[in-house]
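Asker: Questions regarding the structure given below will be posed in turn.
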Amino acid sequence: MELIETEVVIVGAGPTGLTLAYELALAGVETLVLEKRPERLQQVKGGAIQPRTAEMLELRGLLEPMLRRAMPRGPVGGHFAMLPVPLDNTVWDTRFPSPIGLPQWEIEEVLEERATALGARIRRGAAVTAIEADDDGVSLTADGGTRARARYAVACDGGHSTLRKKLGMPFPGRSGTYLAVLADIRLSSVSELVPRESGHISTLTRRANDYWAMLVPLRDDRYRLTYGYYGSEERPEATRDTPVTEAEISAALRAVYGAETVLGGVDNASRFSDATRQVERYRTGRVLFAGDAAHIHPPLGGQGLNLGVQDAFNLGWKLAATLRGRAPAGLLDSYHAERHPVAAGVLRHTSAQRLLADVRPDSEDAAALRDIFIDLMRLPDTNRYLAGLMSGLALRYEIPGARHPLAGQRVPDAELVTASGTARLSSFFGAGHAVLLDVSGLVPDGVRLPGHLDLVRAKSPADLGAGALLFRPDGYVCWAADDAAACEEGLLAAVAAHLGG
């Protein structure tokens, strides 16, 4: 049996695992990805890139090839609980105010192409069958005659994570209360009820004959159909793994969109539930958890893929710094400290959306709550709050010892004027390094900075909120100074405390 020695093994080649593989490979870390599926599943699921995720992909130059593949969509705002009031992200000063529609498998293709170009290795058809962790590393055995030994392993293998189960990690929460279907389909004929173009989610959903459904037009006469049944009539028992039949899909289409809507074919279909769970600790020794392996929640608001990709951006640079021996004390454990509360918040607001989106005809209380909430969403302050929540643009980390008001926040992608010309702030993060931006001449000449920190001297037409800003590799401010005295006093100490040497 072949033994592969590497620095990090990632289990799972979905968007989370592949983003992490890219981040680690960019930092020069030897990375192996084990994926149980022999081939990529070409399913549309998880195909919404939220604004903050788009900004983070832009930092690495990963967004542009995804935009070339994106599905046609106008400047449509996000949503909360499928209610008919678009969320306005423009108030958060972002270049990507609308969610970007792209099938998950195409996102994975771009990430895999970029990660493997940097040296990451991917083994498919390699389902993990055993794991042993000790003080020095992790040993894994997988199908296909693969054995791997690594200093760290990261479970990115989904809500039914094999690694999580084999390590006996608690996954507390609430079991699902319903099953729904997600299917990529083709239609041979359509009624007037079938939407002709994508728009706000509230215009794409229908309720009829004890079904709720959402039909989204894609490319090449394909549609993404999501539906559930809430009637009192007894339905055949089904589990998450029960195959979805064409007859079942056809019945749902007829019930909601009329007899003129005829199924032409099913490319793939699966079931999902509203189960809500979160692993108690994102790290146990040499094994860490990210994406759905760490948290699952109702699929409302297009949060899952984005939450996992942002887990990977948070973890990647911290794990690389730890492996290279330059991480300050506690850096790797800050992954749990920062990301666990974020996911807990998503579990909380998707549960609230689940209640607001209750479509049962006898749920008069839910209907009354929806009406009041719709009125609230039309208020600018409420809309701004929910837009920041759903887009990820309002996220702020609590960074120990960082007292500046900007600490822990993103900064809009400003235009900068440097000695070599005009450039956007995001363009300086492509190497995966931390960035020290000096827009007021506060950083003294000759200051000695570590090699994993890039100094950018520039002018900005916009007020960035400080004269000098220290960004982590994931684009969040970890220190800032308003004047030369504060810069001289705190810069090097901040670099050592937050980035290491």
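The values are calculated or read from the model by the stated rules, or taken from the named source; none is laboratory data. Note that the structure is a prediction, hence the values are computed from the model and not measured. Glycine also receives a Cβ, built like all others from the backbone with ideal geometry; neighbour counts cover every protein chain displayed.
Asker: On the basis of being at pLDDT below 90 and either exposed (fewer than 14 other Cβ atoms within 10 Å of the Cβ) or assigned by TED's automatic domain parsing to the domain that holds TRP212 (or both), does GLU398 make the cut? Can you show your working first?
Answerer: Working: at pLDDT below 90: no; either exposed (fewer than 14 other Cβ atoms within 10 Å of the Cβ) or assigned by TED's automatic domain parsing to the domain that holds TRP212 (or both): yes.
No; evaluated as a whole, the condition is false for this residue.
Asker: Are there any pairs with C-beta distances below 7 angstrom linking a residue in region 1-24 that is part of a loop (DSSP other than H, G, I, E, B) to a residue that is β-branched (Val, Ile, Thr) and at pLDDT 95 or above, with the two at least 6 apart or on different chains, and if so which?
Answerer: Final answer for the pair search is ALA13/VAL33; ALA13/ILE122.
Asker: Still on this model: I'm trying to understand the selection: among the residues of region 461-482, which are farther than 18 Å from LEU59 by Cα and within 30 Å of the chain's Cα centre (by Cα)? So that I can check it myself, show each step before the final result.
Answerer: Here is the first cut: in region 461-482, the residues farther than 18 Å from LEU59 by Cα are 461-463, 465-468, 479-482.
Passing the criteria: ALA462, ASP463, GLY465, ALA466, ALA468, TRP479, ALA480.
Asker: Which condition number does VAL342 fail, the rest of (1) in contact (Cβ under 8 Å) with a residue 60 or more places away in the chain; (2) surrounded by fewer than 21 Cβ atoms within 10 Å (Cβ to Cβ); (3) of a type outside the set (Gly, Ala, Ser) being met?
Answerer: (1)
Asker: Still on this model: On the given criteria, is LEU395 touching a Phe, Trp or Tyr at 6+ places or on another chain (Cβ under 6 Å) and closer than 23 Å to ALA54 by Cβ?
Answerer: Working: touching a Phe, Trp or Tyr at 6+ places or on another chain (Cβ under 6 Å): no; closer than 23 Å to ALA54 by Cβ: yes.
Answer is no for this residue.
Asker: Could I ask something else about it? Could you please find all residues in region 294-342 being assigned to a helix (DSSP H, G or I), aliphatic (A, V, I, L, M), over 17 Å from ILE399 (Cα atoms) and within 13 Å of the chain's Cα centre (by Cα)?
Answerer: Listed by number, the residues that qualify are LEU305, LEU307, VAL309, ALA312.
Asker: Scan region 130-146 residue by residue and report those that are without any contact (Cβ under 8 Å) to a residue 40 or more places away in the chain and within 27 Å of the chain's Cα centre (by Cα).
Answerer: Hits for region 130-146: nothing passes.
Asker: Pick from ARG95, ARG124, ARG114: which is farther than 27 Å from ASP221 by Cα, in contact with a strand residue (DSSP E or B) (Cβ under 6 Å, 6 or more places away or on another chain) and at pLDDT 95 or above? Before the answer, list the steps.
Answerer: Values: ARG95 fails: in contact with a strand residue (DSSP E or B) (Cβ under 6 Å, 6 or more places away or on another chain); ARG114 fails: in contact with a strand residue (DSSP E or B) (Cβ under 6 Å, 6 or more places away or on another chain).
When all the criteria are applied, what remains is ARG124.
Asker: Considering only region 247-255, I want to know if a residue exists there that is part of a loop (DSSP other than H, G, I, E, B), touching a strand residue (DSSP E or B) at 6+ places or on another chain (Cβ under 7 Å) and either at pLDDT below 95 or not assigned by TED's automatic domain parsing to the domain that holds PRO15 (or both).
Answerer: So the first thing to find is which residues in region 247-255 are part of a loop (DSSP other than H, G, I, E, B), and the list is none.
No, region 247-255 has no match at all.
Asker: Quick check on my filter: what residues within region 330-384 are among the charged types (D, E, K, R), at pLDDT 95 or above and either touching a Leu at 6+ places or on another chain (Cβ under 8 Å) or not assigned by TED's automatic domain parsing to the domain that holds LEU305 (or both)?
Answerer: Matches in region 330-384: ARG339 only.
Asker: Does GLY101 meet the test of being in contact with a His (Cβ under 8 Å, 6 or more places away or on another chain) and either buried (at least 16 other Cβ atoms within 10 Å of the Cβ) or closer than 18 Å to MET377 by Cβ (or both)?
Answerer: Values: in contact with a His (Cβ under 8 Å, 6 or more places away or on another chain): no; either buried (at least 16 other Cβ atoms within 10 Å of the Cβ) or closer than 18 Å to MET377 by Cβ (or both): yes.
For GLY101, the condition - in contact with a His (Cβ under 8 Å, 6 or more places away or on another chain) and either buried (at least 16 other Cβ atoms within 10 Å of the Cβ) or closer than 18 Å to MET377 by Cβ (or both) - is not met.
Asker: Sort out which residues of region 256-278 are among the hydroxyl-bearing types (Ser, Thr, Tyr) and part of a loop (DSSP other than H, G, I, E, B), and write them in order of number. Before the answer, list the steps.
Answerer: Start the filter on region 256-278 by keeping residues that are among the hydroxyl-bearing types (Ser, Thr, Tyr), which leaves 257, 261, 270, 273, 276.
Scanning region 256-278 gives a single hit, THR261.
Asker: Let me ask you something else. Give region 451-465 a look and list any residue that's under 21 Å from ARG324 (Cβ atoms) and surrounded by 15 or more Cβ atoms within 10 Å (Cβ to Cβ), or say none. Explain how you work it out, then say what you get.
Answerer: The initial filter retains those residues of region 451-465 that are under 21 Å from ARG324 (Cβ atoms), namely 451-455.
Passing the criteria: HIS452, LEU453, ASP454.
Asker: Still on this model: Within the group ASP474, ASP445, ASP438, which residue is free of Cβ contacts under 8 Å to residues at least 24 places away in the same chain and out of contact with any Asp or Glu (no Cβ under 8 Å at 6 or more places or on another chain)? Walk me through how you get there before you give the answer.
Answerer: Values: ASP474 fails: free of Cβ contacts under 8 Å to residues at least 24 places away in the same chain; ASP438 fails: free of Cβ contacts under 8 Å to residues at least 24 places away in the same chain.
Only one candidate qualifies: ASP445.
Asker: Please go through (1) part of a loop (DSSP other than H, G, I, E, B); (2) closer than 30 Å to LEU464 by Cβ; (3) in contact (Cβ under 8 Å) with a residue 24 or more places away in the chain for PRO75 and return the number of the only condition it doesn't satisfy.
Answerer: (3)
Asker: Could you grab me the full set of residues in region 414-435 that are in contact with a Gly (Cβ under 9 Å, 6 or more places away or on another chain) and touching a residue at least 40 places away in the same chain (Cβ under 8 Å)?
Answerer: SER426, PHE429, GLY430, GLY432, HIS433 - these are the residues of region 414-435 that are in contact with a Gly (Cβ under 9 Å, 6 or more places away or on another chain) and touching a residue at least 40 places away in the same chain (Cβ under 8 Å).
Asker: Which residue, of ALA468, ALA387, is in the same structural domain as THR90 (by TED's automatic domain parsing) and either crowded, with 21+ Cβ neighbours inside 10 Å or at pLDDT below 95 (or both)?
Answerer: Details: ALA468 fails: in the same structural domain as THR90 (by TED's automatic domain parsing).
One residue alone meets the criteria, ALA387.
Asker: I need every pair where a residue in region 353-373 that is under 19 Å from LEU386 (Cα atoms) and part of a loop (DSSP other than H, G, I, E, B) has its Cβ under 9 Å from the Cβ of a residue that is modelled with pLDDT of 90 or more and among the small types (Gly, Ala, Ser), sequence separation at least 6 or different chains.
Answerer: Partner pairs satisfying both residue conditions: ALA357/ALA81.
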